[in-house]
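Visitor: Take a look at the following structure, please.
The numbers here are math on the coordinates, done by the rules we state, and not lab data. Source: prediction; values computed, not measured. So basically every Cβ, Gly included, is an ideal-geometry build from the backbone, and we count neighbours across all protein chains shown.
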Amino acid sequence: METREKIIIIGGGFAGLQLAKTLNNKNKKVIVLDRVNHHMFQPLFYQVACGRIEPSNISFPFRKIFQQSRNTQFRLTDVKSIDHANNKVITNEAEFTYDKLIIATGCKTNFFGNKELESKAFGMKNTQEAISIRNHVLMTFEKLILEKSRSDDGNWNIVIVGSGPTGVELAGAFSEMKKEILPRDYPYMNFDHLEIILVSSTEKPLAVMSPEAQEKSEKYLKELGVKFLSGEVVTDYDGDKVYLKSGKDIPSNNVIWAAGVTGNVVDGFPFENLIRNRYIVDRYNKVKGYENIYAIGDIAYMETPKYPQGHPQVANVAINQAKNLGKNFLKKNKSEWVEYEYKDQGSLATIGKHRAVVDLPFIKFQGLFAWYFWMFLHLMLILSVRNKLAIFFNWMWSYFNKDSSLRLIIAPNKKNNTQQ
Ligand SMILES: Cc1cc2nc3c(=O)[nH]c(=O)nc-3n(C[C@H](O)[C@H](O)[C@H](O)COP(=O)(O)OP(=O)(O)OC[C@H]3O[C@@H](n4cnc5c(N)ncnc54)[C@H](O)[C@@H]3O)c2cc1C
């Protein structure tokens, strides 16, 4: 007879994984449910998309992570709904009962209801999508070399929508690919007319960062040859052309949508429990109206005096909410529980080699030193020594050679069971 409290965590992202780690080998039974079998380090997806690092360097199988754990189990399953009246989580394959439930399902790309955009443009919210971008962009050049006549009609342009850190980092990396790698891989093609275009609804890139970071990142993008279209809103995309609100259009077969996210909400809660598709939680991350259901990370909406509009959807918030909640769960009395508040530790973005912008609470800096700082911090955050070394090696290799050898086009192939 199981006497330990049973805790189900939906989602093994930054928040869910940290909570499982905080509860590791404690007197609780923990089951992590995720629709993919690995934890994903999203901040480096853009390097997978540009063929700079291997997906396996930033993806960590849950079964390996929990191999040594005495109280944590993992199940690969897509959660469909929650039956809170009966304390049950429902998936296609099974049902899981719980004493406490933690929702840590994060976000998905927000196409703002535009189905055409959703079906034709690429999001970058999981490893598979990052690999799909890499495959698609590389396939564009492979097709063009066969159909030479198309190379000047603009369809090969790479258009990135959204000038937050993800959009800016992607634009920088693709423009370096254009300069340093593509001419060597495709020596008979002229890449002068290939444009890397960053479409932004704001006047400056990195609108969430300091004015210094915005100014510098705009300058860096210009130096790299990225075409920055400010104050423009994408209204549609038909697979060949991107349509802008101003009436202009841009030819492109490669459109990456980095212009917003929305919560991965699980069915089973009334509408009143949500604000902007995030579960409303109190300062202990408890979902409004429920005694034993919690939400952490991107999917949680917590108002505090310091953050009256909710916390930013960043890894730091996810990790620290999970730590705080885990520690609270381990306290003997609820009266000892500690409220969560986010201590902003700053933000940063890199724009190609040798260029980065860093805003820390006490100092802001840009340029070469910021780039080293960015690399060091990301290496430190990556799980496992093997992956740190692999990434470090790849970075050094491409630094000195201005190249990488990670441009495989590997698309999953459905097994054909039909007997021929
Ligand atoms: C491209 C990109 C770059 C980023 N760069 C940075 C950065 O540089 N710095 C920074 O601080 N933040 C960055 N972020 C944001 C950061 O990644 C998120 O804030 C963080 O991942 C949130 O953690 P989370 O645990 O809430 O959600 P996630 O890490 O998204 O994890 C959610 C997990 O839930 C699983 N899941 C979802 N729905 C279900 C379901 N129904 N059933 C089962 N499993 C489910 C998913 O598979 C996933 O594993 C970036 C995000 C992206 C997409």
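Visitor: Taking the highest mean first, how do the peptides 74-86, 8-20 order by number of other beta carbon atoms within 10 angstrom per residue? Intermediate results must be reported in sequence, preceding the final value.
Guide: Working: 74-86: 15.5, 8-20: 27.3.
Most protected by this proxy first, the peptides run 8-20, 74-86.
Visitor: Compute the FRET efficiency between Arg70 and Lys327 as 1/(1 + (r/R0)^6), taking r as their Cβ-Cβ distance and R0 = 30 Å, and round to the nearest 0.05.
Guide: Details: r = 19 Å, r/R0 = 0.65.
In this case the efficiency is close to 0.95.
Visitor: Sticking with this one: In the chain, what percentage of the DSSP-assigned beta bridges are antiparallel, given to the nearest 5? Could the numbers behind the result be given before it?
Guide: Values: 30 of 63 bridges.
Percent antiparallel among DSSP bridges in the chain is about 50.
Visitor: With a 10 Å Cβ neighbour count serving as the proxy for reagent exposure, in which order, fewest first, do Glu93, Glu341 appear?
Guide: Result, fewest neighbours first: Glu93, Glu341.
Visitor: Continuing with this model, one more query. List the pairs from Lys306/Lys334; Lys88/Lys115; Lys108/Lys364; Lys29/Lys100 whose alpha-carbon separation is above 22 Å, in the order I gave them. If you can, show how the numbers build up before the last one.
Guide: Numbers: Lys306/Lys334 24 Å; Lys88/Lys115 32 Å; Lys108/Lys364 31 Å; Lys29/Lys100 10 Å.
Violating the 22 Å limit, Cα to Cα: Lys306/Lys334; Lys88/Lys115; Lys108/Lys364.
Visitor: What order, most packed first, do the peptides 353-364, 252-263, 40-51 have when packing is the mean number of other Cβ atoms within 10 Å of each residue?
Guide: The most tightly packed comes first, giving 40-51, 252-263, 353-364.
Visitor: Translational diffusion coefficient, Stokes-Einstein: compute it for the range 311-388 using the Kirkwood radius over C-alpha pairs as Rh, at 10 °C and 1.306 mPa s, and state it as an integer in µm² s⁻¹.
Guide: Rounded to a whole number, D works out at 107 µm²/s.
Visitor: Which of the pairs Lys219/Lys353; Lys179/Lys227; Lys288/Lys331; Lys6/Lys332 have their Cα atoms more than 20 Å apart in this structure?
Guide: Result: Lys288/Lys331 exceed 20 Å.
Visitor: For the range 340-381, divide the Cα radius of gyration by the Kirkwood radius and give the resulting Rg/Rh value with two decimals. List each step's numbers first, then the result.
Guide: Details: Rg = 10.9 Å, Rh = 10.7 Å.
Reported Rg/Rh, Kirkwood definition of Rh: 1.02.
Visitor: Given H placed 1.01 Å from N in the peptide plane, which residues other than close sequence neighbours of Gly352 have an amide H under 5 Å from its amide H?
Guide: Gly172, Ala173
Visitor: Only helical DSSP H runs with n ≥ 4 go in: add -39500 (n - 2.57) per run for the chain, normalise by residue count and round the 222 nm mean residue ellipticity to 500 deg cm²/dmol.
Guide: On the way: 11 runs with 119 residues, N = 420.
About -8500 deg cm²/dmol.
Visitor: Cα atoms only, the range 98-185: Rg and Dmax in Å?
Guide: For the range 98-185, the Cα-based Rg and Dmax read 17.0, 64 Å.
Visitor: Here's a follow-up. In whole angstrom, how long is each semi-axis of the equivalent ellipsoid of the range 115-259, when you take the square root of 5 times every eigenvalue of its Cα gyration tensor and sort them from largest down?
Guide: Values: eigenvalues 111, 64, 42 Å².
Ellipsoid semi-axes (Å, largest first): 24, 18, 15.
Visitor: Any idea what diffusion coefficient the chain gets from Stokes-Einstein, in µm²/s, Kirkwood Rh on alpha carbon pairs, 25 °C, 0.890 mPa s?
Guide: Values: Rh = 22.9 Å.
Translational D for this selection: 107 µm²/s.
Visitor: Output the peptides 131-140, 234-243 sorted from most to least packed, where packing is the average of other Cβ atoms within 10 Å over each peptide's residues.
Guide: Order by mean packing, descending: 131-140, 234-243.
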